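Student: This structure is in structure tokens; I'll ask about it shortly.
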Amino acid sequence: MAERENKRGGGRGRREEQAPEFADRLVAINRVSKTVKGGKRFGFAALVVVGDQKGRVGFGKGKAKEVPEAIRKATEQAKRQMIRVALRDGRTLHHDIEGRHGAGKVVMRTAPEGTGIIAGGPMRAVFEMLGVKDVVSKSIGSQNPYNMIRATMNGLTKEQSPRNVAQRRGKKVADILPKRDEAPAAAPAEADA
């Protein structure tokens, strides 16, 4: 019997070690009803965002009769639908992005260090789970959390790192990025002319 307990305990320990790999955030929970012959049956729908805070994020939704079961289903779906996003310096986006889904439209812009996450509700949850520390974003259109998250994810899938662009064009990363020394030197020359 002691061996059986040790095996069970060991299994739980492994599961707990894997769990901290991903953080999750409950974005919305709705009470939904189904009308049947005898009346109404109530259930719950949950919207969850999951991420490793190092460049991977996903969202999922789940429905069940009880709230914890709905959250569990949503979390599992989110883990299956994760995407990887390249971050600049591990803290912000490489370039400005627009994302759309249905009537939801979001604009996400890179930000200098120390700006923080300037985003509302569902978008904030996505950025926190993604591991973004500095971003300025705005939701235009639908305020539905499902559409806002889908629009945000749509925008994040469009993001490209300089390394990816260089690889696709067959160039070096240095050839694609603007040189920092040339930009200020060019500005005074234009002022003199």
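Student: Might you let me know whether region 94-102 holds any residue that is without any contact (Cβ under 8 Å) to a residue 40 or more places away in the chain and open to solvent by less than 10 Å² (accessible area, probe 1.4 Å)?
Tutor: No, there is no match, as no residue in region 94-102 is without any contact (Cβ under 8 Å) to a residue 40 or more places away in the chain and open to solvent by less than 10 Å² (accessible area, probe 1.4 Å).
Student: For residues in region 121-175 being assigned to a strand (DSSP E or B) and without any contact (Cβ under 8 Å) to a residue 40 or more places away in the chain, which is surrounded by the most Cβ atoms within 10 Å (Cβ to Cβ)?
Tutor: Taking the candidates together, the pick is Ser137.
Student: Can you name the residue in region 28-49 that is more than 28 Å from Phe127 (Cβ to Cβ) and among the β-branched types (Val, Ile, Thr) and, of all such residues, is most open to solvent (accessible area, probe 1.4 Å)?
Tutor: Thr35
Student: Continuing with this model, one more query. Which number in (1) more than 19 Å from Lys138 (Cα to Cα); (2) in a loop (DSSP other than H, G, I, E, B); (3) open to solvent by 90 Å² or more (accessible area, probe 1.4 Å) marks the one condition that Glu113 misses?
Tutor: So Glu113 meets the others, but not (1).
Student: Here's another thing I want to ask about it. Looking at (1) open to solvent by less than 90 Å² (accessible area, probe 1.4 Å); (2) part of a loop (DSSP other than H, G, I, E, B), which is the one condition that is false for Gln77?
Tutor: (2)
The values are calculated or read from the model by the stated rules, or taken from the named source; none is laboratory data. Only a predicted model underlies this, so the values are computations on that prediction, with no experimental measurement involved. All Cβ positions, even for glycine, are placed from backbone atoms using ideal geometry, and neighbour counts span all protein chains on display. We work out accessible area using only protein heavy atoms, side chains counted, and drop any ligands, DNA or RNA first. Shrake-Rupley method; radii C 1.70, N 1.55, O 1.52, S 1.80 Å.
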